[in-house]
Structure formats: C-alpha cells, structure tokens
1. Is it true that some residue in region 199-210 is in the same structural domain as residue 139 (by TED's automatic domain parsing), surrounded by 14 or more Cβ atoms within 10 Å (Cβ to Cβ), small (Gly, Ala, Ser) and touching a residue at least 24 places away in the same chain (Cβ under 8 Å)?
2. Does residue 256 satisfy the condition of being in a helix (DSSP H, G or I), of a type in the set (Gly, Ala, Ser) and either within 26 Å of the chain's Cα centre (by Cα) or farther than 14 Å from residue 145 by Cα (or both)?
3. Can residue 185 be described as of a type outside the set (Val, Ile, Thr), farther than 14 Å from residue 323 by Cα, in contact with a Phe, Trp or Tyr (Cβ under 9 Å, 6 or more places away or on another chain) and assigned to a helix (DSSP H, G or I)?
4. Pairs under 7 Å by beta carbon, first residue among the hydrophobic types (A, V, I, L, M, F, W, C) in region 43-69, partner not in a helix (DSSP H, G or I), six or more apart or different chains?
5. Just one of (1) in a strand (DSSP E or B); (2) small (Gly, Ala, Ser); (3) buried (at least 17 other Cβ atoms within 10 Å of the Cβ) trips up residue 444, so point out which.
6. Output yes when any residue across region 146-165 is surrounded by fewer than 19 Cβ atoms within 10 Å (Cβ to Cβ), under 30 Å from residue 437 (Cα atoms), free of Cβ contacts under 8 Å to residues at least 40 places away in the same chain and assigned by TED's automatic domain parsing to the domain that holds residue 278, and no when none is.
7. Criterion first (in a helix (DSSP H, G or I) and closer than 19 Å to residue 210 by Cα) does residue 149 satisfy it?
Amino acid sequence: MNRATGLFLKALGAIYLIAFVSFGVQAGGLIGSEGILPLANYLRGMRQALGARAFWYAPTVFWVTSGDLALRVVWIAGAALAIVLMLGFFRRTCLVALLVLYISISTAGQDFWSFQWDILLTEAGFLAIFADASPGRTWLFRWLLFRLMFMSGLVKLLSGDPTWRSLTALGYHYETQPLPTPIAWYMYQLPMWFQKASTAVVFFVELLVPFLIFAPLMLRRIAGVLLIGLQVLILLTGNYTFFNLLAIALCVFLFADPPAPNAWTETRTHRTVTIALLVLVLTTSGLQFLEMLRMPLPGPAQSYLAWISPLRLVNSYGLFAVMTTTRPEIVVEGSNDGTTWTPYEFRYKPGDVRRAPPWVAPYQPRLDWQMWFAALGNADENRWFYNFAARLMQGSAPVLALLAHNPFPEGPPRYIRATVYDYRFTDFAGRRRSGAWWQREEKGAYLPPISLRH
C-alpha cells in the first residue's frame, strides 16, 4: 500500500466517524420510535408492499431489529470501527463492516439520508475495501473523482437552467443555498461581473479540469490543486457536511507517484478481482452517463440499473443542476388558543433575521436541510412534514431536541401552523442600520392551523 492509499483510508475513517456520530445525534428525532419517520413503520410498509423483495430494495441490518436500541448500537459500532480504521488495524474487515452499516443507515434514514454525499461515501467506501497501490484499483478512484466533478458540471448544462447559461448562477447561490456560512453573506455583496467570472471558473473546473485526472503526473497534480481549491471555496461559503472533505480526500490519488517497474506483482486472484471491479463500475457508470444524456436505454439496461441502485455502490452525481433564485423559508409556530402564535426556532436554518448564518459542517443538521427542500414545494409533496407537526403537538422529546429550544416547556401546543417567508440577505447599509443578516417578507400559508384531531 502506497502513501496516498494509506492517507486516503485514514481520511475515510475520519469521515465515517463524522457520519456515524452525526447519525447518532439525530437518529432518535428523525427515525426513532418517537421520531418524525419511525423506522419500524417504514420497514413494515416496505414488507407489506414488496414482500420478500423488500430485503433487496431496502438493504439494512435493521431488518433484524429496528428499535431505538438498535439505532444506538449501529452508530456506536460504526464510530468504533471508524476509529480502528483510522489507527490502521483490521482495515479490510473494518471497511466491509462500515460499508454494510452505512448502507443500512442510508436505507433506514428515508427522506433524511438521501443526499449526494451519502451515496458518495458508500461508493468510496466500497472501492476502499479493495484499495491498494495497483494501477487498476488506483484508476477506479480517479474515475470516481472524474464522475463526481464532470457530472456536476454536465447536469448544469443539460438542465437548460438560464442562470447557469447566463453565468449568473452564483449571483443567487450564496443567498439561496441550504445553509450558507457568514462568508456567503459577504460573497453575495460582490458585483455581478465577479459572480459571472466565478461561475465561468466553476464550469472550467468541473467540465475541463477533470480530464487532467487521467493525464501524466504533473498535469494530474495541477488538476488536484484546482479541484481542491474549488472544494475549499465551497466549504468556506456553505455547510455541506463531509462532502467537501471526502472530495478532497479523493484528490490524494492525483498526487501519487506511479509505481516503480516491478514494484507490484499481481496474483491471478488479484487481477480477477480488479477486472470484475472494472467491469462492474464501468458498465454501471457508462449506463448512468447515457441516462444522464437522455439517451434511451434498452429494457435490460434499465432493469439492471433499477436492480443495482439500492446498494448505492456506483452512482450518478450532480449538485445544483437548477439554481434556486429565491429563498422561501418555513416558519413553524404553535398556539394553545389559535390566536397567539409562538415560533419554533431551528438550530441552524434561517429564522431570526438578526442571527448570523452558522458554521456547522462537517455535521449535517438533516431536519434543517429537509426544511429547505420542503419550502421549495408544499406540505402535500412533503408528507413527513405532517408527522413533524404531529410530533410537536405530542411534545416528542427526541424531535424537540433537534430544535434550538422548546417554546412550550410546560406542555405541547394544541395547534401548529406553518408560514412561508421570502428571505433575502441584507446589504451593508441595511445590516449597519438594523444589525440583521436577513430581511424577510411573508408570502402565505404553508400549513394552515391544525390540531391532533386533524
């Protein structure tokens, strides 16, 4: 094992540790027995709908038991295995167990664990099981990095989104992204010519630089510097959990020296496994590229992609294909009399206009993130939101623990409602005058007042 591979595995162990501890902090409120989407109900519904096929389409160790104790056992076991991996012991055993446990979490998490970085972690974790200094297996990591970056640029072009085509996307992004950092406020204030130039740089790094991943060493290293630079800029302006750290970790394979002649002697078994990996990854990702390009796939190819997708071992990528140009935010309020309403303040998403955007990565507050997606639609398109409202009226302690504080400490409210506001960053003058980072305007009801009877 060369230095780059060893460094990547230590970084992967640290990222797994972040992911499992983050799950442990939030699991009870999100998918526990008193959570928003109880895991036991989900698995029961899958079994009723799919029968024995549910075990394949919802792969998870929680089929054995799905209670709150099982959630705790899984995250603690995952965190412990991640630490052992970081220390360099029992690497392959740890990697297999970590992959199984994280696929289980991603399945169990339902709406709250359906993000690009979750599938990126499972794919990187899968390849890591076979990681060594051999050229074929090192190439697979470079191919993953290529797909991550190139697909992210390609979807922006294929979407036909006018903000990307006019190079104005970053003029909106800093304000409308899910969880901006304080630096995003300052970036938003920069003139439009700078935003257009920055957007052009994003296209350059995502669409052209990835081809240098397969170039000779010096060009690969230049590509590595540019790709890491982009990830650092994203990390400084937005809270994207461990995504940027994992992308940077993959870049270490661009800096590795080629193996010396005769430095690696592959056995027949090793070559067979490498070829099988190449066939699996190239076949699946090739079909995914064709699907992204909207090319019709034959029936067997579609069936194959549907069959393999639950395992999350080879995936499509691409963030922000369509740029949101406004920022709707949902404000949730409770009341005991239907007249006086008190808001629930979330820990991280915008609420109080005077509160600065937070630094929270590499932790991901998944309820806050899901609220951002919910605001882009309506309550009927986000059925989990009704469960969330019900849990607030029941005074669920695990759900309330996900919020900044409980405004009804003496007992849960009788009614819950939700209102949509349009949030916008203030400018320098507005912030000096009011001390507010945001300004907001009410847009209408998201959820009319409801009680548990409803």
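1. no
2. Numbers: in a helix (DSSP H, G or I): no; of a type in the set (Gly, Ala, Ser): yes; either within 26 Å of the chain's Cα centre (by Cα) or farther than 14 Å from residue 145 by Cα (or both): yes.
Criteria not met by residue 256.
3. Details: of a type outside the set (Val, Ile, Thr): yes; farther than 14 Å from residue 323 by Cα: yes; in contact with a Phe, Trp or Tyr (Cβ under 9 Å, 6 or more places away or on another chain): yes; assigned to a helix (DSSP H, G or I): yes.
Yes.
4. Qualifying pairs under 7 Å: 43/58; 43/66; 46/58.
5. Exception for residue 444: condition (3).
6. Taking every residue of region 146-165 in turn, at least one turns out to be surrounded by fewer than 19 Cβ atoms within 10 Å (Cβ to Cβ), under 30 Å from residue 437 (Cα atoms), free of Cβ contacts under 8 Å to residues at least 40 places away in the same chain and assigned by TED's automatic domain parsing to the domain that holds residue 278.
7. Values: in a helix (DSSP H, G or I): yes; closer than 19 Å to residue 210 by Cα: yes.
Judged against the criteria, residue 149 is a match.
Conditions (1) within 22 Å of residue 122 (Cα to Cα); (2) surrounded by 15 or more Cβ atoms within 10 Å (Cβ to Cβ); (3) modelled with pLDDT of 95 or more; (4) under 20 Å from the mean Cα position of the chain (by Cα), marked per residue:
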{"residue": "2", "(1), (2), (3), (4)": "no, yes, no, no"}
{"residue": "14", "(1), (2), (3), (4)": "yes, yes, yes, yes"}
{"residue": "19", "(1), (2), (3), (4)": "yes, yes, yes, yes"}
{"residue": "24", "(1), (2), (3), (4)": "yes, yes, yes, yes"}
{"residue": "35", "(1), (2), (3), (4)": "no, yes, yes, no"}
{"residue": "38", "(1), (2), (3), (4)": "no, yes, yes, no"}
{"residue": "44", "(1), (2), (3), (4)": "no, no, yes, no"}
{"residue": "56", "(1), (2), (3), (4)": "yes, no, yes, no"}
{"residue": "59", "(1), (2), (3), (4)": "yes, yes, yes, yes"}
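The values are calculated or read from the model by the stated rules, or taken from the named source; none is laboratory data. The shown structure was predicted, so the numbers you read here are calculated from the model rather than taken from an experiment. All Cβ positions, even for glycine, are placed from backbone atoms using ideal geometry, and neighbour counts span all protein chains on display.
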